[in-house]
Amino acid sequence: MNRYTVAVLVRNQFGVLNRVTSMFRRRQFNISALTVSETESSELSRITVVFGGDETGKQQLINQLYKLPDVCSIREFDEHNSVSCELLLIKLANDPSVREDIRSAADAFGAVTVDYSKDYIMLRLTDNTRRIDDFIDLMRDYTILEICRTGSVSLERGSTTIRQIINL
């Protein structure tokens, strides 16, 4: 099964997110990451979806998404044509016997300490999905108290923007 990242530019209106995600459900795609935010214009929102499936099903899904009245534009991203990242917040038990190991691993990955107490350490890491996964796997050797991570956000390389091809 292939993994795809698709950005959908939509009108910023009530119910649009539900209509877009319902299309994935009807086509039986499992969404592994989802991020939504307003764009540089408050009239538009950008929905970035990471999901798995086959090429034919993905293309049918995109064709169906274009039929939704609030969808303005769709872009598919891969590692060659885009820059992608996500954010991880991870809270670990602050055990003195492993504190330096945690700090060394955090430094190696570029994670930043954003909160600290005698009971816990909270780290923030912004990176690509693979590096986030690798960091979490490494932290599993310690006591993870809580994890929160965003979905992937992606922008196309070059001067082209998702707003240049609008389906209105």
**Message:** If I filter region 127-145 down to residues being assigned to a helix (DSSP H, G or I) and modelled with pLDDT under 95, which single residue comes out as farthest from T5 (Cα to Cα)?
**Reply:** R130
**Matching residues in region 58-78 - criterion: being hydrophobic (A, V, I, L, M, F, W, C) and over 16 Å from L155 (Cα atoms)** = L61, I62, L65, L68, V71, C72
**Asked** Which strands (runs of 3 or more DSSP E) does region 1-110 wholly contain that include 1 or more residues that are touching a helix residue (DSSP H, G or I) at 6+ places or on another chain (Cβ under 8 Å) and of a type outside the set (A, V, I, L, M, F, W, C)?
**Response** 2-11, 44-53, 71-77, 82-93
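Table: residues versus (1) surrounded by 13 or more Cβ atoms within 10 Å (Cβ to Cβ); (2) over 21 Å from the mean Cα position of the chain (by Cα).
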{"residue": "T56", "(1), (2)": "no, yes"}
{"residue": "L65", "(1), (2)": "yes, no"}
{"residue": "F77", "(1), (2)": "yes, no"}
{"residue": "N81", "(1), (2)": "yes, no"}
{"residue": "L87", "(1), (2)": "yes, no"}
{"residue": "A93", "(1), (2)": "yes, yes"}
{"residue": "R103", "(1), (2)": "yes, yes"}
{"residue": "K118", "(1), (2)": "no, yes"}
**Pairs where the first residue, in region 112-127, is closer than 8 Å to N94 by Cα and the second is outside any strand (DSSP E or B), C-beta under 8 Å, 6+ apart** = S117/N94; K118/N94; D119/N94; Y120/N94; I121/N94; I121/R99; I121/I102
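The values are calculated or read from the model by the stated rules, or taken from the named source; none is laboratory data. Just so we're clear, the structure is a prediction, and the values are computed from it rather than from any experiment. Positions of Cβ are backbone-derived with ideal geometry, glycine not excepted, and every protein chain shown enters the neighbour counts.
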